[in-house]
1. State the Cα centre-to-centre distance between segment 38-54 and segment 469-522 in whole Å.
2. Normalising by the residue count of segment 431-527, find the relative contact order in percent from Cα pairs under 8 Å and 6+ residues apart.
3. Students often check this: by mean Cβ neighbours within 10 Å, which of 454-465, 212-223 ranks highest, and how do the rest follow?
4. So what does Ile470 come to for accessible area, using a 1.4 Å probe and Å² rounded to 10?
5. With each pseudo-label sitting 7 Å past Cα toward Cβ, what's the Leu94-Thr138 distance in nm, one decimal?
6. For the full complex of protein chains and a 1.4 angstrom probe, list Trp247, Trp227 by accessible area with the highest value first.
7. For Trp384, what accessible surface area do you get with a 1.4 Å probe? Give it in Å², rounded to 10.
8. Restricting to DSSP loop positions (anything but H, G, I, E, B) with no more than 15 other Cβ atoms inside 10 Å of their own Cβ, which trypsin sites (Lys or Arg not before Pro) remain in segment 544-620?
Amino acid sequence: MSQPVSPSPQQLKLTPEPAHPPASSLASQDPERYWLENVYKGDVRQLTVRAVIAGMLIGAVMCLSNLYVILKTGWSLGVTITACILAFATFSGLRAVGLVKTEVTALENNAVGSVASAAGYMTGGGNMAAVPALLMLTGALPSSGWLVAWFAVVSAMGVFAAIPIKRQLINIEQLPFPTGTATSETLQALHGHDEGSRGKARYLALAGLVGAVIAFWRDAKASWLAWNLPAKLSLPFTIGGKPAGAWTLSFDLSLLLVGAGALVSFKTGWSMLLGAIFTYGFLAPEMVSRGIIPEVTYKAINGWALWTGASVLVSSGLLSFAFQWRSVAKSFKALSGLFGKKDEVEKDPLADVECPPTWFPLGFLVLGPVVVGLMAYLFQIPWWAGVIALPLSVVMGVIASRVTGETDTTPTKALGPVTQLLYGAILPGNLAANVMSANATGGVGLHSADLLTSLKTGWLLGANPRKQFIAQLFGVVAGAAVVVPAFNLLVPSADVLGTEEFPAPSSLVWAGVSKMLVNGVGSLHMSARIGAVCGLALGVALVLLDRWAPKSAKPFIPSPSGLGLAIVIPGASSISFFIGAAIAEVLRRKKAALAEATVLPVSSGFIAGESLMGIAVAMLKAFGVMPK
């Protein structure tokens, strides 16, 4: 149920003075003035020191969790609602033992969510697709300090890019931004002393504990552990004389993957199962029998299947994006409006609340040259090519924000290849430029859309948008400082990537696109070229079918993103995704209330618990505290 922005006329008290219009009329004719007079809560605690500290700490934890997840699955998962539940549970616990004197307010928790979201999404926007791809392509990365600076500056530029379009998309058009709306409802329930929402915090904590125990029992090496859980259990049949597990068709004892599956649609889940069976049960064995795939290992199979999967993902992403041309056109219209005449500032009722429009050009004047300088110094991208990335990133930010506001999906998978194609044309042969320019535009797009999602929550709750903007910058710093050393710990060399432990499918796709642009299609084996063409056609066909097929047939049309992803990750991962999606779907159909109360917190708990324990075990092994 969505949080209403404007009350119905029956809910409004009409004032008798003729000088003031009815509230319903004011809400429709001047939504900004109505919000300022009826919704805005400027006197409530919001961006406090404890909110910033809590947001940075929770955001760092969420960033670590998302890093682990994206290396496993290729996806960054939403963190805002989970962060708000964690913050509520933490502050409630601290208050119960007397360490915190005052109760955290909903708007204070909203500030925590803004900080945490910016930090947790540091893995998105191509960051943890581009950097691993660069490592695979070149075998080296800039030093940690320089990478932290790169992530922080690009992400901060995305925060500034949201300023000129915030009021149009949120205040005036009131786009839904579904995650932002859901977060506002969660916060209202938590701070309205709703027992159901408090129960979600308990479910999250318990599931996190279970996920951590499973991960430790499976991955840790200690003398007092009599035995470890196996990582995988092969399916009970053979293919081509080899056990199904050799073809990656096995049960993965990972609650993280089951939890991630529960958060995607059932259509995506069964599409992934279909893709896994097709790829590892039929295609790969046939290619091995013909000698095209040299051995039965995930890495060898993926080296051939990547081109088919990448083609499905890229073609379907670009075509889906193209069908959103109305949103794109509106985005460009809004972008052109940035340079038009503005109303006089003194007539602006929100001048003291919203971010001043001048912050946008000032932010880009300060950060733009830094980004161009880093592109030239770290990735040998000519300065003029770096300058091109600046207006392109603004365009990407505007488009990504509008699409996210309308669909709740940030189109990084579509926008990244567009930038790669552009830089493949203007800088042929430059692998680093091809990958990292897309990282720059993708990072700006993601963090612009992320801030606007948080600002949607604030709009519904009556928060101060200027304070939320500042909160987002704190989160950017925290996320950049955490994600780089954690990545270096988990991925000491390129050999770790593209394995069953860390398939890193999004990185494989980015690296594959760059290789193809540099080396040409002729460098691929003929069968891989055929696979790429078939994947291209399949991606297009599935999008067209889903758009034009009868409504009754649409549930049976595979998801192109699910199918394409299944082709480039191990079959065991797709099976786990399907199990999670199936459990969630059964609950939604049979026990809707139970599903509403448990699916999100339990899934988030599994993901957070296992990913954080996985990183902790990796650290213990890296520092010699635990045998490898």
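1. If we compute the Cα centre of each part, the gap is 34 Å.
2. Numbers: 24 pairs, mean separation 30.2, N = 97.
Once normalised by length, the contact order is 31 percent.
3. Working: 454-465: 25.8, 212-223: 16.7.
Averaged packing, sorted descending, gives the order 454-465, 212-223.
4. 70
5. About 4.1 nm separates the two model spin labels.
6. On the way: Trp247 5, Trp227 135 Å².
Sorted descending by solvent-accessible area, the residues read Trp227, Trp247.
7. 110
8. On the way: sites: Arg547, Lys551, Arg588, Arg589, Lys590, Lys591; in loops: Lys551, Lys591.
Those that pass, being in a loop and sparsely packed, are Lys551, Lys591.
The values are calculated or read from the model by the stated rules, or taken from the named source; none is laboratory data. Note that the coordinates shown come from a computational prediction; the quantities given were computed from them, not determined experimentally. FYI the Cβ positions are ideal-geometry reconstructions off the backbone, even for glycines, and counts take in every protein chain you see. When the accessible area is computed, the model is the full protein with side chains, heavy atoms only, and any ligands, DNA or RNA have been set aside. Shrake-Rupley method; radii C 1.70, N 1.55, O 1.52, S 1.80 Å.
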